[in-house]
Every structure is written in C-alpha cells, then in structure tokens.
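K.L.:
Below is a structure I'd like to ask you about.
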Number of protein chains: 2
Amino acid sequence: MKDKNIAIVLDAMGGDNAPHVTVEGAVEATRISPIKVILVGDEKAIEKELKKYTYNASQLEIVNTPHHITMEENPKEAIEKKPDASIVLATKLVAEEQGNALVSAGSTGAVILAAAKNINRILGVHKSALAASYPTHNFQKRQDIFSLLLDVGANIHNSHHDLVHFAYMGATYAREIKKIENPTVGLLNIGSEPYKGGKTLSQTYAILKTLPDINFIGNVEGDKLMLGLADVVITEGLTGNIALKVIEGVASSAQKLLKQAFRENFLWKMGLMMLSGGIRKLKNITDYQEYGGAPIFGFNKMIIKCHGRSTSLAIKNGLLLAAKSVQDDITEQISRYITNYEYNHAVHDVEV
Amino acid sequence: MKDKNIAIVLDAMGGDNAPHVTVEGAVEATRISPIKVILVGDEKAIEKELKKYTYNASQLEIVNTPHHITMEENPKEAIEKKPDASIVLATKLVAEEQGNALVSAGSTGAVILAAAKNINRILGVHKSALAASYPTHNFQKRQDIFSLLLDVGANIHNSHHDLVHFAYMGATYAREIKKIENPTVGLLNIGSEPYKGGKTLSQTYAILKTLPDINFIGNVEGDKLMLGLADVVITEGLTGNIALKVIEGVASSAQKLLKQAFRENFLWKMGLMMLSGGIRKLKNITDYQEYGGAPIFGFNKMIIKCHGRSTSLAIKNGLLLAAKSVQDDITEQISRYITNYEYNHAVHDVEV
C-alpha cells in the first residue's frame with residue numbers, strides 16, 4: 001500500500017502529555033510523510049493544540065469523543081464504564097477499516113483489552129503479544145543494537161503454540177522493519193539444553209528446531225540476553241515482563257551506583273565530570289523506550305504502543321512505524337506464516 | 001549446638017579449582033573456628049594439598065572416594081553412573097548424621113539431585129529452593145546491601161504452598177544469619193495489584209497477607225527488585241532463575257558498555273583512569289557471588305552451594321556460613337514455621 005493511501009488512527013488522549021505531544025507528533029509526521037492521521041479524542045482540546053501549528057488539513061482528521069481512560073484507572077472496569085473512551089473508539093475505527101493501523105501512548109492494559117474487544121485476531125492466533133526492543137552488545141554486528149523480546153506482559157502464561165506464533169511475529173517484524181535478512185530467534189530459558197524449562201518450553205524448542213522458516217538458535221539464558229545473539233527472543237508473558245523490567249531496573253541502578261560511588265572521592269568526581277559526555281551517551285542508549293513504539297502483534301491490524309512518557313518525537317516515530325508496518329504488510333505476512341504452520345503442524349505433530 | 005561439636009561435610013572435589021581451593025578453604029576455616037571439616041574426595045589428591053599447610057589434624061577428616069562429577073556431565077546421568085561420586089557420598093554422610101551440614105562448589109544440578117536422593121526433606125515441604133543474594137540500593141538501610149531471591153532454579157514451576165514455604169525459608173535465614181529483626185518479604189510479579197500474575201501468584205499473595213509471622217510487603221515488579229524494599233523476594237524457579245541471570249548479565253554489560261564508550265574519546269579515557277578505583281569498587285559489589293555461598297533450603301540438613309569459580313576465601317566463608325546455620329538451628333526453625341503453617345492452613349484455607 002502506498003503512503004498517501006495509509007491512514008493511522010491515533011489515540012490523541014493517550015499518554016502523560018496528551019493531547020499536547022500527540023497533536024504535535026501527528027503534525028510532525030504529516031509534514032514529512034503523505035500519510036493521514038485520524039486523531040481520536042476531545043475535539044476542542046485537539047483543535048486548541050492544532051492552532052499552534054501550520055499543517056495540511058487534508059492529512060489530519062478529528063473524531064470527537066469527550067471521554068478517555070487514564071493511566072490510573074483499572075483498564076477492564078474503565079472500558080466497561082466508558083464505551084466511547086478514545087482508545088475504545090480508536091480500536092473500533094480500525095476494525096471498521098477507517099484506518100489501517102493504531103497508535104496509542106495510553107495505558108497498555110486498556111489498549112490490549114480494547115483491541116481484544118473490537119479488532120479481530122489473525123486466524124489461528126489465540127494470544128496477542130506485546131513486544132519490546134532492548135539494547136544489546138550487538139554480537140551479530142547489526143545496524144542497530146536492539147533485539148526484540150516478546151511477549152512482555154500481554155499474557156501471564158502461554159502454550160507452546162503461542163510461543164511458536166510469537167516466533168513468526170517477531171521474525172517477520174525483524175525482517176521487514178529492521179531489514180535483517182534471516183533473523184535469529186532464541187527461546188528465553190533456564191538452561192541451554194533442549195530438555196530444559198519444563199513441558200511448554202521443551203515442546204516449543206522441539207517444534208522450533210524443525211521449522212524451515214525460523215532461524216532458531218536454541219535457548220537463551222538470562223545472562224546471555226544482552227549479548228544480542230538472537231534478534232528475536234520469545235518467552236511467556238510473565239517471564240518476559242520480569243526480564244524486561246529487570247533490565248530497566250539494573251540499568252537505572254548502575255547509573256545511580258556510579259554516581260554514589262564517585263561522589264565519595266575528589267579524583268573520581270573529576271573523572272566523572274570528564275566522562276559526562278559518555279554518560280549522557282549511555283543514558284541515551286538506556287532511554288530507548290522514549291524513541292520508539294512497542295508493537296502489539298496478533299490482531300489483523302498493526303498496533304503500536306508508545307511509552308506513556310512519550311515526547312512528540314516518539315509519537316511521530318510511532319506513527320511512521322505504524323505506516324511502515326502497513327506498507328510492508330506485516331500482519332498479512334504473519335498471517336500467512338501462521339496459517340502455513342498450523343496446516344503443517346496439524347499434519348506432522350511433533351512428539352516431545 | 002556449640003561450634004566445636006559441629007562437623008561440616010565438604011565436597012572436596014566440587015568446583016573449577018578443586019581440590020586446591022577446597023582444601024585451602026577447609027584449612028583456613030579450621031584455623032579460625034573449632035568446627036570439624038569432613039573432606040570427601042580423592043584421598044591422595046587431598047593429602048597432597050594438605051601437605052602445603054600446617055593444620056590441626058583433629059579438625060580435618062578425609063573420606064576417600066575416587067570418583068566425582070564434573071560441571072560438564074549431565075547431573076542425572078552422572079549420579080546414576082557414579083553412586084560413589086564425592087557429592088553423592090557427601091549427601092549420604094550428612095543423612096547418616098556424620099556431619100551437620102553440607103558445602104559444595106560442584107554442579108548445582110548434581111548437588112540438588114544427590115540431596116533429593118539421600119537427605120530427607122523437612123516435613124510438609126514438597127520442593128527444595130536455591131536462594132541467591134543479589135545487591136540492591138539498600139532502601140531499608142540494612143547493614144548489608146544484599147537481598148535474598150528464591151527459588152532461582154531448583155524448580156521450574158511451583159505451587160502457592162511451595163511459595164509460602166519459600167517465604168518462611170528466606171525470612172528465617174534473613175532473621176538468623178543477617179540479623180534482620182522482622183525481614184520484609186515480597187513476591188516477584190508482573191504488577192503491584194493483588195490479583196496480578198495468574199492463579200498461583202494471586203493465591204500466594206492472598207495467603208501471605210494473612211500470615212502473622214511473615215512481614216509481607218506485596219508484589220515486587222522486576223524494575224523494583226534492585227531497590228531492596230524486600231529483604232526476601234520469593235518466586236517460582238523459572239522466573240527467579242531468569243531474573244537473577246538478567247541481573248548478572250546487565251551488570252556485566254554495563255561494565256563492558258562503559259569501557260567501550262570511553263575508549264572512543266581521549267577526555268573520557270583520562271576520566272576513566274581517574275575512576276579506576278571506583279570501578280574496582282563497583283566490580284567488587286557485582287562480583288558478590290565470589291564471596292558467599294547460596295543456601296539450598298528444604299532439606300532437614302542445611303546445604304551451602306558455593307560458586308563453581310569459588311576461591312579458597314569463598315569456600316572458607318561457605319563452611320563458616322554452614323556452621324552458623326547449624327548453630328542457629330535454621331532447618332529446625334523453618335520446620336517449626338512450616339508445620340505451624342500447614343496445620344493452620346488446613347483449618348482455615350484461604351479463598352481467592
């Protein structure tokens with residue numbers, strides 16, 4: 001699909017700084033791309049923000065609704081209480097084909113639940129997956145240093161079929177969006193041997209190693225996650241969520257510890273001042289969440305979840321990423337892989 | 001029990017540098033403590049090492065066996081193939097009350113499997129647990145900066161009863177060994193709300209909050225693990241293993257990234273040289289595994305698992321830690337808590 005025919009639905013009220021940064025991000029995206037952005041939210045608040053900019057009116061459309069869901073609300077209760085909240089309406093618009101993909105910086109739980117309610121899943125897929133990029137040592141010398149981890153919390157537990165689906169989702173994304181020819185896929189596990197990790201993980205291992213269209217490199221232990229041996233690491237939601245948050249927590253701890261230790265000593269303090277540029281660079285790498293959106297896979301329309309603290313730059317990047325996903329037919333490609341897998345798997349089921 | 005009546009069984013052949021460091025560690029421990037150490041392993045190799053030192057012969061005893069299990073062997077197969085391997089014999093000696101506790105720097109899998117085969121579990125306990133100390137920001141201003149995480153890989157999945165048992169094991173250890181009066185206990189989870197994390201975790205939460213003898217502070221998310229809000233964090237083996245290894249992996253990555261970034265720039269290089277003392281200090285904190293042993297809970301005899309790369313200092317510390325655990329009646333105390341819990345729980349089962 002050509003850019004100028006692509007419409008991205010944006011939850012204009014989602015995120016800590018909405019609608020200020022969402023509107024600014026939409027304006028910026030439409031300046032450098034012919035895509036259309038459908039802003040869903042409080043019309044008056046959106047128009048007030050729009051007045052600050054010059055923009056091409058044919059590329060921005062507002063769909064008005066007075067309600068939205070905040071970060072503090074229980075997602076499930078809020079969706080039931082506010083059937084016309086911006087994120088709920090946004091998922092409906094996408095489901096009705098008024099837009100080709102969805103971007104939101106609102107509550108992750110609300111985005112996933114609203115999508116599950118209104119947008120069809122890809123045929124054969126039982127569970128959606130939230131994917132996160134995390135920084136690595138780039139062992140494979142890729143253009144970017146990030147690997148993809150999924151699921152990081154759309155689910156708690158998953159079946160081995162879910163995990164195989166996650167492998168196709170992540171590999172398709174790495175191939176199309178990151179332009180990695182034959183992306184390596186690893187399974188987050190407690191040990192490297194095929195039999196490790198209990199029934200679900202050992203069954204997943206046994207299936208993945210037989211699949212010709214997945215470049216499976218085996219189990220990846222927690223301490224090897226940062227090496228970047230695998231472009232895509234698949235895991236159940238509970239383990240993925242804990243792994244991702246531990247990475248964030250330790251990275252932030254290392255910075256604090258550094259400052260604390262160096263405060264104690266004058267020589268160290270001097271050294272730290274000399275290093276401030278390097279530390280800023282490190283911080284940029286670890287603040288990766290600010291710069292991109294996390295794809296939510298499994299629905300027949302692409303969803304990009306931006307961080308709640310997103311800047312307008314992050315929203316702009318999220319919109320362009322969503323447009324690129326539409327251009328590259330990501331959901332259709334995932335659908336073809338999974339249909340093919342389900343067909344073959346039903347015929348030759350793997351014994352573990 | 002008084003120190004001079006305590007005998008610790010040491011797997012003299014376990015670890016990367018055995019029997020060199022195990023013998024040296026045993027000699028050092030008996031120099032500063034009246035405990036007896038029973039060295040299990042190849043008599044000739046042990047005697048050759050012993051010749052290097054002066055020691056009190058009444059405190060060191062050798063039990064000879066020509067076989068031992070290496071780190072590379074499959075633990076399950078090795079135990080079946082070598083019924084007189086040093087770790088197997090060591091667990092038997094402890095089970096026969098020839099020693100009061102066991103220390104090994106050998107393969108974790110072999111230690112746990114040999115113990116499961118030969119040493120009785122505490123009444124009511126279904127699963128043993130491997131505990132690891134990890135460094136935190138020491139939010140509670142404790143004397144040491146470490147919190148205890150368990151299980152980190154003796155199991156894959158656990159029931160809510162197992163997790164409650166783990167809470168008693170960890171809290172008893174923190175109270176007796178770390179001298180923390182009313183240790184805080186947290187549950188590693190995907191979110192802070194009581195209903196999060198699926199059935200096992202929400203049931204565990206519901207039970208823990210009703211227990212008067214556990215200072216339960218609720219769920220701890222991955223990014224909060226390093227704050228040290230909880231002295232003891234409980235989790236199933238798969239999630240605990242992944243969390244611990246991610247901590248290790250990110251800490252080592254941060255060091256590498258630092259060096260890499262700073263190599264690019266002369267000013268940074270200078271700064272780094274000035275900071276070398278501080279970085280060494282940081283490294284000492286993150287190399288925590290060298291300095292202590294990880295307790296294995298659940299058996300009616302205490303087991304301390306030292307790191308495979310242990311130095312003689314680590315072995316000495318492991319032996320003294322094992323002796324202290326015997327002195328403090330750790331296993332008996334855990335047994336009393338669990339018996340009491342099982343009794344009360346059978347009467348007032350918690351509905352979730």
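K.L.:
Using Cα springs under 10 Å in a Gaussian network model of chain A, which residue among A:N300, A:N100, A:N340 shows the largest mean-square fluctuation?
P.N.:
Sorting by GNM fluctuation, first place goes to A:N340.
K.L.:
Let me ask something additional. What are the semi-axes of the equivalent ellipsoid for the protein assembly as shown, taken as the square roots of 5 times the Cα gyration tensor eigenvalues, largest first, in whole Å?
P.N.:
Values: eigenvalues 504, 150, 121 Å².
After scaling each eigenvalue by five and taking roots: 50, 27, 25 Å.
K.L.:
Hey, can you rank B:88-98, A:166-176 by average C-beta count inside 10 Å, highest first?
P.N.:
Working: B:88-98: 20.3, A:166-176: 25.8.
Highest mean packing first, the order is A:166-176, B:88-98.
K.L.:
Separate question: How far apart are the A:S159 label points across copies, placing each 7 Å from Cα toward Cβ, in nm, shortest first?
P.N.:
For A:S159, the inter-copy label distances come out at 2.5 nm.
K.L.:
Given label points at 7 Å from Cα along Cα→Cβ, what nm distances, shortest first, separate B:Y55 from the same residue in every other copy?
P.N.:
Label point to label point, same position, other copies: 7.7 nm.
K.L.:
Also, quick follow-up: If the label for B:D144 sits 7 angstrom from Cα along the Cα-to-Cβ line, what are its distances to the same label in every other copy, in nm to one decimal, shortest first?
P.N.:
Taking the point 7 Å beyond Cα along Cα→Cβ, the inter-copy spacings are 4.2 nm.
K.L.:
Let me ask something else. Restricting the count to DSSP beta bridges whose residues both fall in chain A, what percent are antiparallel, rounded to a multiple of 5? Working shown, then result.
P.N.:
Numbers: 12 of 40 bridges.
Within chain A, antiparallel bridges account for around 30 percent of the total.
K.L.:
Further, regarding this structure: Looking at chain A as a GNM with Cα springs under 10 Å, which of A:I207, A:I38, A:I190 has the largest mean-square fluctuation?
P.N.:
A:I190
K.L.:
Related question: Report, in order of residue number, the helices in chain A meeting two criteria: a C-alpha extent of 27 Å or more along the helix axis, and a mean Kyte-Doolittle hydropathy of at least -1.0; treat each whole DSSP H run as one helix.
P.N.:
Numbers: long enough: A:237-263 (39 Å, 0.33).
Going by DSSP H runs, the hits are A:237-263.
K.L.:
Sort the following peptides by mean Cβ neighbour count (other Cβ atoms within 10 Å, averaged over residues), highest first: B:149-156, A:141-148, B:231-238, B:324-331.
P.N.:
Numbers: B:149-156: 25.8, A:141-148: 17.8, B:231-238: 27.8, B:324-331: 19.9.
Packing proxy ranking, top to bottom: B:231-238, B:149-156, B:324-331, A:141-148.
K.L.:
How many square angstrom of accessible surface are buried between B and A, both sides summed, with a 1.4 Å probe and rounding to 100? Numbers along the way, then the final one.
P.N.:
Values: alone 17100 and 17100 Å², together 29780 Å².
Using a 1.4 Å probe on protein heavy atoms, the buried area is about 4400 Å².
K.L.:
Output the pairs from A:K82/B:K224; B:K92/B:K127; A:K76/B:K224 with a Cα-Cα distance over 23 Å in this structure; if there are none, say none. Let's see the in-between values first.
P.N.:
Details: A:K82/B:K224 32 Å; B:K92/B:K127 19 Å; A:K76/B:K224 25 Å.
Going by Cα-Cα distance, A:K82/B:K224; A:K76/B:K224 fall outside the 23 Å limit.
K.L.:
Follow-up. If Lys and Arg each add +1 and Asp and Glu each add -1, what is the summed charge of the other residues whose beta carbon sits under 12 Å from the beta carbon of B:L238?
P.N.:
On the way: positive: A:K196, A:K199, B:K245; negative: A:E221, A:E236, B:D151, B:E236.
Combined, the nearby Lys, Arg, Asp and Glu give -1.
K.L.:
Taking only Cα atoms and a 10 Å spring cutoff, compute GNM fluctuations for chain A and point out the largest among A:K316, A:K224, A:K52.
P.N.:
So, out of A:K316, A:K224, A:K52, the one fluctuating most is A:K52.
K.L.:
Right, next: Across the Cα atoms of chain B, what radius of gyration and what greatest pairwise Cα-Cα distance (Dmax) are found, in Å?
P.N.:
21.0, 70
K.L.:
So, one more: Less than 21 Å apart at the alpha-carbon level, and either on another chain or at least 8 residues along: which lysines does that give for B:K52?
P.N.:
Within the straight-line limit of under 21 Å, B:K52 reaches these lysines: B:K36, B:K44, B:K316.
K.L.:
Taking a cut-off of 21 Å, what percent of all Cα-Cα pairs in segment A:1-126 are separated by more than that? Could you put the intermediate results ahead of the total?
P.N.:
Numbers: 2830 of 7875 pairs.
Value for segment A:1-126 (Cα pairs over 21 Å): 36 percent.
K.L.:
In addition: Count, for each residue of B:216-223, the Cβ atoms from other chains sitting within 10 Å of its Cβ, then give me the mean as a whole number. Write out the running numbers ahead of the final one.
P.N.:
Working: counts 0, 0, 0, 0, 2, 6, 11, 11.
Mean number of neighbouring Cβ atoms from other chains: 4.
The values are calculated or read from the model by the stated rules, or taken from the named source; none is laboratory data. Bear in mind the structure is a predicted one, so any value in this text is a computation, not a measurement. Neighbour counts run over all protein chains shown; Cβ positions are idealised from the backbone, glycine included. Protein only, heavy atoms only, side chains kept; ligands, DNA and RNA dropped before computing areas. Shrake-Rupley method; radii C 1.70, N 1.55, O 1.52, S 1.80 Å.
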